[in-house]
Amino acid sequence: MLAMDYRGPYRIRARQKADPVIEHPGDAIVQVTRACICGSDLHLYHGLVPDTRVGTTFGHEFIGRVVEVGPAVQQLKKGDMVLVPFNVFCGACYFCQRELYSNCHSTNPEATAVGGIYGYSHTTGGYDGGQAEYVRVPLADIGPTKIPDQLHHDDAVLLTDALPTGYQAAEMGDIEEGDTVVIFGAGPVGIFAAKSAWLMGAGRVIVVDHVEYRLAFVQQYAQCEVVNFKEVADMALHLKKMTDWLGPDVCIDCVGCEAAGSALQRLTGVKLKLQGGAATVLHWAINSVRKGGRVSIVGVYGPTFNAVPIGNAVNKGLTLRMNQASVKRHLPRLIEHILAGRLVPREVITYRVPLEEVADAYHLFSSKLDGCIKPVLIPPGAAH
């Protein structure tokens, strides 16, 4: 099969690899019809995630058609169209029973924190991802969700990560009616967090970024205010000035370890790797939010240390909530929102790129070229 192949930082290609096979009775093999490139894939691409091994296939956002099932699989059959959450989870452990699917205790022997994730290095279990013609899906009765006939497949692929992550980012902010919500990052997750904040009752939504075309997109898509941080001398001061000197009620970090905006943070967190990424947005969020406010974090940071102003958070009485999204928990509500027309996630897709051109797609997305918001890879023979 053709698959994306990692050869080292900034070096990927499409090449022929062995087809995946059933390894356990509960496995399924899925023929991929759409696979996204996620902003967190860029952390792998840039060499910032430990134990990202040469030969790995990335891709944790994909949908496809079931072409084979193991003898123990009962919920799926050949021909079913499924969306596959980025979490690999067992559904039975202490954490899965509490719907903390991203913290599954059984699917990632490499860590006691995060569970398994498709295509996201051996620190999340070493599972090959879906930027390929075919992918092995373990625990096939637990993770995949059949795609309803009336759900557009471009919407379905965004339900595997980006939309649920943005939705959970807003949910973890405990947004109350009329709240002012500030979202850092105007990538797909930030865009969906902004849209979700309105659904949860926000009275004002402000998105912060520095890429003008992304700010223009989120302003139109989510009907929010925008701030270009390159035009602001002091982010905390600026946001307090915008909010009667109190600060926003909720701040949401949808950026993570490669945040721009601080030369010192970039040097120590990205270049020298003395901390697990640039903690710029964490500083902005903690220092900007009002006393007694909430900070929600879905931006990806590497293990294990970051220089975070925890004393400010304590003295301001803040609530900090964070996690990888537990996708399966959100799917019923999000599918309902989409079918009712309240959300149209496919509108963030700006490029459809053949899998053969995966290297160009990564360069396009990473370098923020040509108005790229969200690229989707189309494997050979897949339905467009």
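Data table
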quantity: Among the candidates G129, G26, G59, residue that is in a loop (DSSP other than H, G, I, E, B) and open to solvent by 20 Å² or more (accessible area, probe 1.4 Å); calculated: G26
quantity: Enumerated strands (runs of 3 or more DSSP E) restricted to the range 195-284, each holding at least 2 residues that are under 30 Å from V344 (Cα atoms) and free of Cβ contacts under 8 Å to residues at least 40 places away in the same chain; calculated: 204-209, 225-228
quantity: The range 320-341, residues that are closer than 24 Å to C96 by Cα, open to solvent by 20 Å² or more (accessible area, probe 1.4 Å) and not in a loop (DSSP other than H, G, I, E, B); calculated: L320, R321, M322, K328, R329, P332, R333, I335, E336
quantity: Qualifying residue in the range 348-358 (condition: closer than 27 Å to Q150 by Cβ, buried (at least 17 other Cβ atoms within 10 Å of the Cβ), within 16 Å of the chain's Cα centre (by Cα) and β-branched (V, I, T)); calculated: yes
quantity: Test for D370: is it assigned to a loop (DSSP other than H, G, I, E, B), open to solvent by 20 Å² or more (accessible area, probe 1.4 Å), more than 22 Å from Q168 (Cβ to Cβ) and of a type in the set (D, E, K, R); calculated: yes
quantity: Given (1) more than 23 Å from Q275 (Cβ to Cβ); (2) in a loop (DSSP other than H, G, I, E, B); (3) open to solvent by 30 Å² or more (accessible area, probe 1.4 Å), index of the condition D51 fails; calculated: (1)
quantity: Criterion violated by G317 - all others in (1) surrounded by 15 or more Cβ atoms within 10 Å (Cβ to Cβ); (2) at positive phi satisfied; calculated: (1)
quantity: Hits in the range 85-136 (condition: of a type in the set (S, T, N, Q) and under 19 Å from H24 (Cβ atoms)); calculated: N87, S106, T107, N108, T124
quantity: Any chance V67 is β-branched (V, I, T), surrounded by fewer than 24 Cβ atoms within 10 Å (Cβ to Cβ) and more than 24 Å from A156 (Cβ to Cβ); calculated: no
quantity: From the options G116, G91, residue that is free of Cβ contacts under 8 Å to residues at least 60 places away in the same chain and touching a Ser or Thr at 6+ places or on another chain (Cβ under 6 Å); calculated: G116
quantity: Odd one out for A3 among (1) small (G, A, S); (2) buried (at least 23 other Cβ atoms within 10 Å of the Cβ); (3) in a loop (DSSP other than H, G, I, E, B); calculated: (3)
quantity: Qualifying residue in the range 142-164 (condition: touching a Gly at 6+ places or on another chain (Cβ under 6 Å) and either within 29 Å of G371 (Cα to Cα) or assigned to a loop (DSSP other than H, G, I, E, B) (or both)); calculated: yes
quantity: Scope the range 182-240; condition among the acidic types (D, E) and open to solvent by 20 Å² or more (accessible area, probe 1.4 Å); matching residues; calculated: E212, E225, E231, D234
quantity: In the range 77-107, residue most open to solvent (accessible area, probe 1.4 Å) [restricted to those that are of a type outside the set (A, V, I, L, M, F, W, C) and in contact with a helix residue (DSSP H, G or I) (Cβ under 7 Å, 6 or more places away or on another chain)]; calculated: E99
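The values are calculated or read from the model by the stated rules, or taken from the named source; none is laboratory data. Here the structure is a predicted model, which means the values were calculated and not measured. Don't worry about glycine lacking a Cβ; one is built from the backbone with ideal geometry, like all the others, and counts go over all protein chains shown. Just the protein is used for accessible areas: all its heavy atoms, side chains included, with ligands, DNA and RNA removed. Shrake-Rupley method; radii C 1.70, N 1.55, O 1.52, S 1.80 Å.
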